[in-house]
């Protein structure tokens with residue numbers, strides 16, 4: 001997982017939604033899908049300020065994800 005805090009990442013949707021673990025892997029917040037699943041299971045991921053436990057949570061435009069201080073804005 002990414003250890004340094006960077007500028008917020010903006011992810012632009014090309015479909016109606018993206019699943020949480022796919023987003024974490026795609027933007028590089030987690031190197032593998034397995035790491036993404038563990039991060040969610042361990043309560044390290046928030047969606048719109050709330051700890052998220054659903055690995056396949058559908059993220060839509062306007063939502064904000066955070067993992068270890070890294071912010072990902074979904075547009």
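Compute the Cα gyration tensor for the chain, then decide on rounded, prolate or oblate, letting a ≥ b ≥ c be the square roots of its eigenvalues: rounded whenever a/c is under 1.5, prolate when a/b is larger than b/c in the other cases, and oblate in all that remain.
It is rounded, given that a/c, with a ≥ b ≥ c, falls under 1.5.
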Using a basic spin-label model with each label point 7 Å from the Cα along Cα→Cβ, how many nm lie between residue 56 and residue 31? 2.7
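Laboratory data are not the source of any read-out in this text; all were calculated from the coordinates shown. Please read these numbers as outputs of a predicted model, since none were measured by experiment. Don't worry about glycine lacking a Cβ; one is built from the backbone with ideal geometry, like all the others, and counts go over all protein chains shown.
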